[in-house]
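Each remark here refers to the structure printed beneath this line.
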Amino acid sequence: MATDQTATTRADDVGSVMSVRDLVIQYKRAKGGPLTAVDGVGFDVNGGEIVGIVGESGSGKSTVGLVLAGFLEASSGSLTFDGRTIDSWSGTGTSGRDGVQMIFQDSTTALNPRMRVAACVAEAIAGGGSIGKEHLAQATVYLDRVGLGPEFARRKPRELSGGQRQRVAIARALAARPRVLVCDESVSALDVSARAKILNLLIRIRQEEGIAMVFISHDLAVVSQLVDRVLVMCKGEILEEGPVASVIDSPQRSYTQQLLAAIPRLERTPASMHGTSPASQIQPKGELK
Ligand SMILES: Nc1ncnc2c1ncn2[C@@H]1O[C@H](COP(=O)(O)OP(=O)(O)OP(=O)(O)O)[C@@H](O)[C@H]1O
Ligand SMILES: [Mg+2]
């Protein structure tokens, strides 16, 4: 696979860790012309910022995430990452673009079923080299950070709950020391309690390490609890964007209003109540074990 190459830093990208412009992504189809899944999308992700992408099923959210993480090539557009214009859409390996990690809805496929949990994480630390004792020792530190004690280190992924597997996936992603974490429906399969724990964990990671995140979800209720800024996608385009509080409290487009109307009443919390720390609204708080 091709290696990312550098060009000059754009003056208007100061503060931005990642930015895309005029992104067009088409899928080939067996019959008819190509399907345009993403059509002229552009946005920035600033250092330490959590950007949400919401929209109905099929609106192109995952497609954007896959391109950001280097798993899919765009048809046209540009991507700037860490001050460099990226010439190659492909990442450099099976784990995608260097400096970007992606966490999917179901981490089962992301974790090697034959490897023990500590080795799954140590593999990311070793960066493709052979796994040594020191990598395994460091892996337990990352596992501890996501609330999994030493008793989990020797288990296989199938011996974990969905929430625990998701935490291993996050530990593995963190171990690769990314600048940007792309989460695609990463909490959608979890029950309310496991979901709250993972969301709190993501917030803690952002606070402690300043890792920027792109958080993709069809669920505006979840997004409202976590993100700073939200992009609303519809049919491959960004229809509306802004700070999460203003988009949720006063959506400008009827499409966004409909997405909001779909949120069950009990789950709704006015974003304006969140203040500068939406995380504080998430229950249960803090504890991870
Ligand atoms: N590999 C593919 N080949 C062809 N078309 C695809 C492929 N992946 C996605 N699509 C199409 O691209 C469009 C956008 O899909 P995408 O998966 O990005 O949507 P999404 O917003 O993530 O939806 P969801 O909320 O259901 O996950 C859809 O019309 C989908 O059918
Ligand atoms: Mg998707």
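What to note about this one:
- The stretch 132-142: number of residues that are farther than 14 Å from Ile205 by Cβ and surrounded by 20 or more Cβ atoms within 10 Å (Cβ to Cβ): 2
- So Pro157, is it surrounded by fewer than 24 Cβ atoms within 10 Å (Cβ to Cβ) and in contact with a Pro (Cβ under 6 Å, 6 or more places away or on another chain): yes
- Residue match in the stretch 209-221 (condition: at pLDDT below 90 and buried (at least 23 other Cβ atoms within 10 Å of the Cβ)): yes
- Residue that is under 26 Å from Ala221 (Cα atoms), assigned to a loop (DSSP other than H, G, I, E, B) and away from ligand 2 (no atom under 15 Å from the Cβ), where the choices are Gly48, Gly58, Gly32: Gly48
- For the stretch 117-133, a tally of residues being in contact (Cβ under 8 Å) with a residue 24 or more places away in the chain and of a type in the set (Gly, Ala, Ser) returns 5.
- Unmet criterion (only one of (1) more than 16 Å from ligand 2 (Cβ to nearest atom); (2) among the hydroxyl-bearing types (Ser, Thr, Tyr); (3) assigned by TED's automatic domain parsing to the domain that holds Phe71) for Tyr142: (3)
- The test for being within 16 Å of ligand 2 (Cβ to nearest atom), assigned by TED's automatic domain parsing to the domain that holds Ser19 and assigned to a helix (DSSP H, G or I) holds for Leu66.
- Residue match in the stretch 167-184 (condition: over 22 Å from Val51 (Cβ atoms), outside any helix (DSSP H, G or I), more than 16 Å from ligand 1 (Cβ to nearest atom) and not acidic (Asp, Glu)): no
- One residue from Ser57, Ser90 being small (Gly, Ala, Ser), within 16 Å of ligand 1 (Cβ to nearest atom) and surrounded by fewer than 16 Cβ atoms within 10 Å (Cβ to Cβ): Ser57
- For the stretch 185-204, the set of residues classified as assigned to a helix (DSSP H, G or I), in contact (Cβ under 8 Å) with a residue 40 or more places away in the chain and not basic (Lys, Arg) consists of Ser193, Ala196, Leu199, Asn200, Leu201, Leu202, Ile203, listed by residue number.
- Number of residues in the stretch 221-263 that are within 21 Å of Val192 (Cα to Cα), in a loop (DSSP other than H, G, I, E, B) and touching a helix residue (DSSP H, G or I) at 6+ places or on another chain (Cβ under 6 Å): the value is 2.
- Residue match in the stretch 95-109 (condition: without any contact (Cβ under 8 Å) to a residue 24 or more places away in the chain and assigned by TED's automatic domain parsing to the domain that holds Arg154): yes
The values are calculated or read from the model by the stated rules, or taken from the named source; none is laboratory data. On a predicted model such as this, the values are computed, not experimentally measured, just so you know. Note that each Cβ is placed from the backbone with ideal geometry, even for glycine, and that neighbours are counted across all protein chains shown.
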